[in-house]
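Novice: Can you read through this structure? Questions will come right after.
The values are calculated or read from the model by the stated rules, or taken from the named source; none is laboratory data. Not measured: the values here are computed from a predicted model. Virtual Cβ from ideal backbone geometry, glycine too; neighbours counted across all protein chains shown. The protein model used for the area step is the full one, side chains on, heavy atoms only, and it has no ligands, DNA or RNA in it. Shrake-Rupley method; radii C 1.70, N 1.55, O 1.52, S 1.80 Å.
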Amino acid sequence: MSTDTSPSTSTDTGAPETIEKVSVIISKGSLDGIYPGLIMANGARAEGIEANVFFTFFGLDAIHAKRHEHIKVATVGNPGLHVATWLGGLPGMSSVMTHVMEKQIEELDIPSIPEFVEMISDTGAGMYACKASVDLFKMERSDFIEQVDDIITVGEFYDIAAGGHIIFT
Amino acid sequence: MPTRTIAGSEVDVNDEGFFTDPSQWNEDMAVELAKESGIDELTDPHWTVIHFMRKEYDDKGTGPTVRALGKTSGVTVKELYQLFPKGPAKMAAKIAGIPKPRGCI
């Protein structure tokens, strides 16, 4: 067993390895699908790490001007919520649970999704929409909030993400 | 606990270089710490943030998050990242001589 507790070092410089850049992909459109990616991106910037956020598929709702204020918690097919499926399917359940969760989030001083997205853009993180998803949902640039830097292809995403870590959520 | 000499005085710091006793701090140290962090000159907005951080720490026992800074210090989030490119809360806490804030937001 090794007794060396020093951090791993990169071979060429001998300096401790640190994360310098991350690209966060947000692919889900539920409250619990969007927040983790936003927190990872914002937290990266707060540590001085370069960050880009790529919104794809239902994750696009997080930057959709008319939808991002209405992101809901999924109450059906979400075992983590500990609500019976038949109960979760009742009309209004998703709204009620979302309201409860939003209140808890606010109590922890975590911003709402619209405010969070704007703040992350202000931190200097790049905000990108996935072209394939935009086309699939027949959306346009004008459907998105102004903080979106561009609508890009997957190839362009990999160009932007080059040299960093990719986090898929 | 490690100590180091900043601007001619010995101070207590943790492994990451954050002050463990904010009362040991003075403005000359801030100038030196800023230079170490790559900020050659502390401008008025820098000082606004530094003094705000210290006041928040005195009042609440912890430094503010970037969001709280942006909302209450009078300096916007965008400006904060221009002033302290390596992460405003963390960098400003180090320069302001207070422990590193531990919030996730």
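Novice: How much of residue B:59 can a 1.4 Å solvent probe reach, expressed as accessible area in Å² and rounded to 10?
Specialist: 100
Novice: Follow-up question, since we're still on this one. With the contact rule set at Cα under 8 Å and sequence spacing of 6 or more, what percent relative contact order holds for the range B:3-96?
Specialist: Normalised by residue count, the contact order of the range B:3-96 is 26 percent.
Novice: Listed highest first by mean packing, meaning other Cβ atoms within 10 Å per residue, what order do A:35-41, B:98-104 come in?
Specialist: So the order, starting with the most tightly packed, is A:35-41, B:98-104.
Novice: Which percent, to the nearest 5, of DSSP beta bridges fully inside the protein assembly as shown are antiparallel?
Specialist: 30
Novice: Rounded to the nearest 500, what is the 222 nm mean residue ellipticity of the protein assembly as shown from helices alone, with -39500 (n - 2.57) per DSSP H run of 4+ residues and division by all residues?
Specialist: Calculated at 222 nm, the ellipticity per residue is -11500 deg cm²/dmol.
Novice: Leaving ligands and nucleic acids out of the surface, order A:56, B:76 by accessible area at 1.4 Å, largest first.
Specialist: B:76, A:56
Novice: In the range B:1-53, if every C-alpha pair distance is counted and binned at 5 Å from zero, what percent goes to each bin?
Specialist: Calculated over all Cα pairs of the range B:1-53, the distribution is 4, 19, 29, 26, 17, 4, 0 percent.
Novice: Please give, to one decimal in nm, the separation of the simple spin-label points placed at residue A:106 and residue B:59, each 7 Å out from Cα toward the Cβ.
Specialist: Output for this residue pair reads 2.1 nm.
Novice: While we're looking at this one, here's another question. Restricting to DSSP loop positions (anything but H, G, I, E, B) with no more than 10 other Cβ atoms inside 10 Å of their own Cβ, which GluC sites (Glu not before Pro) remain in chain B?
Specialist: Hits after loop and neighbour filter: B:16, B:41.
Novice: At a Förster distance of 35 Å, what's the computed FRET efficiency of residue B:10 paired with residue B:76, Cβ-Cβ distance as r, to 0.05?
Specialist: That pair, residue B:10 with residue B:76, gives E of 0.45.
Novice: Now, a different point. For the range A:26-68 and the range A:125-169, what is the separation of their Cα centres, given in Å?
Specialist: Using only Cα atoms to place each centre, the spacing works out to 11 Å.
Novice: Could you tell me which of the pairs A:21/B:60; A:28/A:72; A:103/B:55 are separated by over 21 angstrom between their Cα atoms in the structure shown?
Specialist: Cα-Cα > 21 Å for A:21/B:60; A:103/B:55; rest within.
Novice: Mind computing the radius of gyration and Dmax over the alpha-carbon atoms of the range A:42-111? Å is fine for both.
Specialist: My reading of the Cα-based Rg and Dmax gives 15.1, 45 Å.
Novice: Let me ask you something else. Taking chain B as a Gaussian network, Cα atoms linked when under 10 Å apart, which of B:85, B:22, B:64 shows the biggest mean-square fluctuation?
Specialist: Highest fluctuation among the options: B:85.
Novice: Largest first, what is the accessible-area ranking of A:119, B:1 with a 1.4 Å probe?
Specialist: I get B:1, A:119, largest accessible area first.
Novice: Could you tell me the accessible area of residue B:20 in Å² (1.4 Å probe, neighbours in place), rounded to the nearest ten?
Specialist: Its accessible surface works out to 60 Å², give or take rounding.
Novice: Give the shape of chain A as rounded, prolate or oblate, defined through the alpha-carbon gyration tensor: a ≥ b ≥ c are the square roots of its eigenvalues, a/c under 1.5 means rounded, and otherwise the shape is prolate if a/b is larger than b/c and oblate if not.
Specialist: Oblate shape, in that a/c is at least 1.5 and b/c is the bigger or equal ratio.
Novice: Kindly provide the Kirkwood hydrodynamic radius of chain B in Å, to one decimal, from all pairs of distinct alpha carbon atoms.
Specialist: For chain B, inverting the mean 1/r across all distinct Cα pairs yields 13.5 Å.
Novice: So which DSSP H runs in chain A come out at 18 Å plus along the axis (Cα) with average Kyte-Doolittle of at least -0.5?
Specialist: What comes out of the filter, once short or polar helices are dropped, is A:31-46, A:93-107.
Novice: Looking at A:27, B:50, B:97, which one has the Cα that reaches farthest to the positive end of the dipole of the protein assembly as shown (charges on Cβ: Lys, Arg +1; Asp, Glu -1)?
Specialist: A:27
Novice: With a cut-off of at most 10 other beta carbons within 10 Å, and DSSP calling the residue loop, which trypsin sites (Lys or Arg not before Pro) in the range A:116-169 qualify? Please list them.
Specialist: Qualifying residues, ordered by number: A:138.
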